[in-house]
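Visitor: This is the structure I want to talk about, given as structure tokens.
Only the coordinates and a few stated rules stand behind these numbers; no lab work does. Predicted model, so just to flag it, every value in this text is computed and none were measured. Cβ sites come from the backbone with ideal geometry, for glycine too, and all protein chains shown count toward neighbours.
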Amino acid sequence: MSVSIVWFRSDLRLSDNPALIKALGSGDAVVPVFVLDVETEGVRAPGAASRWWLHYSLQSLDASLRGLGSRLVLRRGPAEKVLAELAEECGAKAIFWNRVYDQGSRDRDGRLKKLFSERGVTVESFKANLLFEPWEVSTQSGAPFKVFTPFWRACRMLPPPATPLPAPRTLPAPETWPAGDPLAAWRLLPTSPDWAGGLRATWTPGEDGAKQRLSHFVDETLADYRRARDLPAVEGTSRLSPHLAFGEIGPRQIWQAAMTRGASAASEKFLSEVGWREFAYNLLFHNGDLAQRNFRPEFDAFPWADPDDTLDAWQRGRTGYPIVDAGMRELWTTGWMHNRVRMIVASFLTKDLLIDWRAGERWFWNTLVDADLANNATGWQWVAGSGADAAPYFRVFNPVLQGEKFDPDGDYVRHWVPELASLPNATIHRPWAAPVPPPANEYPERIVEHGAARDRALAAFRNLKKSA
DNA sequence: TGAAATGTTGGGGCG
DNA sequence: ACGCCCCAACATTTC
């Protein structure tokens, strides 16, 4: 019996997995493999929080595969070398995978296609992780979109995404399984210290957890999504982002679940957020260095401040601005931050502190369980003003007003910054104005004064515009 | 998917 | 009764 390899990457699921279904349909024995590759040039290695998630997601995928009479083979090393060896060992006649879109991975996949076809091994890749391929959407003139709204409108004119594929019920196993690493040997989990307690308390990685989260969202949260999505103290968003980042659920499944309830204003709004993800992938596809380089080149001359102890204060949630500190601590504790607060803390870093968005992108990459190159780079460049469809340079979030507007009762701040819990609503977002401000050894003084910081940022951006 | 500055309007206090 | 001023509330412009 011949063998087909299914290479799992950002698609750690059995449902709606076209590469897997293709392998099954080939009639061959199926060898599922995941490769931990931190060596290939141009492919960014997972950050610390992602490594934690990956451990459990792989564990979950392996358990699901075992339920089908199969298993997940784990190999480590440069993917090209590892897969060439594995194919040789198994005598594989085909390898299938679902497409990913970052430049380094695409280059590598291209080299692999060439290598395998030279060896007579069939290679086929599939659309699984996007609703619309980047090359399926373009302007009238054939150029990639640079603005979200027309991009998404054009997507909605296309035929709707296909119905998700069912998970296989069994998978034919090879006569002998190729050797693989034990998962524990990869040391993906933090040990000394074990900082993952908050992650464990918050998340259930794996396909089952993803499906549960999706149906809970559609049943309980979607109806009020438009109102509640901006309130970080409320569980008003789907919280699907880490599951989506690891492909434990695919966008077609999300699309179908939201649409099954009938087209509504709520599902349209939610799907447009999925649309932002599509837009981000589209941008990354057409701009391979999106996470390294300003989308708008005039920003290359921007005089970012040298990262100093203010970067450290931002990272640790000790800026003296309650909504910023709450967000940064939520991130540190749970590996996730509410999107409204992501915008606020990103504006604070790039505009109040004038620190290069790339420092923030790196920090998010390391601490987010949903770290996703396309979304992360697009979001940071959007806030900094250097990106596509970006916030204009003069749009500076006021952390006090944002806090008062989106956390009016201070519940979010009180939860994540408990040393401020006794302040009344009137001053919870501006503790320095309280009749009795908290002592500096309890809660830090502001590291910058927002009014002055705003003026400084406007001057710097104005100057950039002038010299451009 | 802002905020602050500036402009406009209209009600009410008051001489 | 009338006009003036103040200023809140809202709208517009500017950064």
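Visitor: With each run of n ≥ 4 DSSP H residues scored as -39500 (n - 2.57), what mean residue ellipticity at 222 nm is computed for chain A after dividing by its residue count and rounding to the nearest 500 deg cm²/dmol?
Guide: Values: 19 runs with 208 residues, N = 468.
So the calculated ellipticity at 222 nm is -13500 deg cm²/dmol.
Visitor: Here's another thing I want to ask about it. What is the gain in length, in nm to one decimal, between A:Glu419 and A:Ser264 on full extension, counting 0.36 nm per residue of separation less the C-alpha to C-alpha distance?
Guide: Working: separation 155, 0.36 × 155 = 55.80 nm, distance 4.17 nm.
Gain in length upon complete extension: 51.6 nm.
Visitor: Please give every one of the lysines within straight-line cross-link reach of A:Lys127, meaning a C-alpha to C-alpha distance under 27 Å, and leave out same-chain neighbours fewer than 8 residues apart.
Guide: A:Lys22, A:Lys81, A:Lys93, A:Lys113, A:Lys114, A:Lys146, A:Lys211, A:Lys269
Visitor: Taking only the alpha carbons of region A:224-270, what extent do you get along each of the three principal axes, in Å, biggest first?
Guide: Each principal axis gives a Cα extent; for region A:224-270 these are 27, 25, 11 Å.
Visitor: Distances over 22 Å make up what percent of all Cα-Cα pairs in region A:3-128?
Guide: Details: 2383 of 7875 pairs.
When all Cα pairs of region A:3-128 are counted, 30 percent exceed 22 Å.
Visitor: Taking the Cα atoms only, what angle lies between the long axis of helix A:103-118 and the longest principal axis of chain A, rounded to 10 degrees?
Guide: 10 degrees
Visitor: Jot down the per residue volume, in cubic angstrom and as a whole number, of the convex hull over the alpha-carbon atoms of chain A.
Guide: Numbers: hull volume 71.1 nm³, N = 468.
Convex hull of Cα atoms, per residue: 152 Å³.
Visitor: Now for a separate question. Assuming R0 = 22 Å, can you tell me the calculated FRET efficiency for the pair A:Glu235 and A:Asp409, based on Cβ-Cβ distance, to the nearest 0.05?
Guide: Numbers: r = 15 Å, r/R0 = 0.69.
For R0 = 22 Å, the calculated efficiency reads 0.90.
Visitor: OK, next. At R0 = 60 Å, how high is the FRET efficiency between A:Ala63 and A:Ala433 if r is their beta carbon distance? Nearest 0.05 is fine.
Guide: Working: r = 53 Å, r/R0 = 0.89.
It comes out at approximately 0.65.
Visitor: Could you tally the net charge around A:Cys90, taking each other residue with its Cβ under 14 Å from the Cβ of A:Cys90, Lys/Arg +1 and Asp/Glu -1? Don't skip to the end; give the middle numbers.
Guide: On the way: positive: A:Arg71, A:Arg75, A:Lys93, A:Arg119; negative: A:Asp28, A:Glu85, A:Glu88, A:Glu89, A:Glu175.
Within the 14 Å Cβ shell, the charges total -1.
Visitor: With Rg and the Kirkwood Rh both taken from Cα atoms, where does Rg over Rh land for region A:92-206? Could the numbers behind the result be given before it?
Guide: Values: Rg = 20.4 Å, Rh = 19.2 Å.
Answer for region A:92-206: 1.06.
Visitor: Using DSSP to call loops (not H, G, I, E or B), can you name the trypsin sites (Lys or Arg not before Pro) in region A:178-256 whose Cβ has at most 12 other Cβ atoms within 10 angstrom? Mind showing how you got there, number by number?
Guide: Working: sites: A:Arg187, A:Arg200, A:Lys211, A:Arg213, A:Arg226, A:Arg227, A:Arg229, A:Arg239, A:Arg252; in loops: A:Arg187, A:Arg229, A:Arg239.
Here the trypsin sites (Lys or Arg not before Pro) that fit, given the DSSP loop and packing criteria, are A:Arg187.
Visitor: For helix A:322-334, report the angle its Cα long axis makes with the longest principal axis of the Cα atoms of chain A; keep it between 0 and 90° and round to the nearest 10°.
Guide: Around 20 degrees separate the two axes.
Visitor: Among A:Val436, A:Val31, A:Val43, which comes first, then next, by fewest other beta-carbon atoms within 10 Å?
Guide: Details: A:Val436 9, A:Val31 27, A:Val43 19.
Going from least to most buried by this count: A:Val436, A:Val43, A:Val31.
Visitor: Please work out the FRET efficiency for the pair A:Arg153 and A:Lys127, using the Cβ-Cβ distance as r and a Förster radius of 25 Å; give the result to the nearest 0.05.
Guide: Numbers: r = 21 Å, r/R0 = 0.83.
Step by step, r from the Cβ atoms, then E = 0.75.
Visitor: Can you tell me the orientation of helix A:251-260 relative to chain A, as the angle in degrees between its alpha-carbon axis and the longest Cα principal axis, to the nearest 10?
Guide: It is inclined by approximately 70 degrees.
Visitor: Still on this structure, please answer the following. Give, as a single signed number, the net charge of other residues whose beta carbon lies under 14 Å from the beta carbon of A:Glu298, with Lys and Arg counted +1 and Asp and Glu -1.
Guide: Working: positive: A:Arg293, A:Arg296, A:Arg462, A:Lys465, A:Lys466; negative: A:Asp300.
Neighbourhood net charge equals +4.
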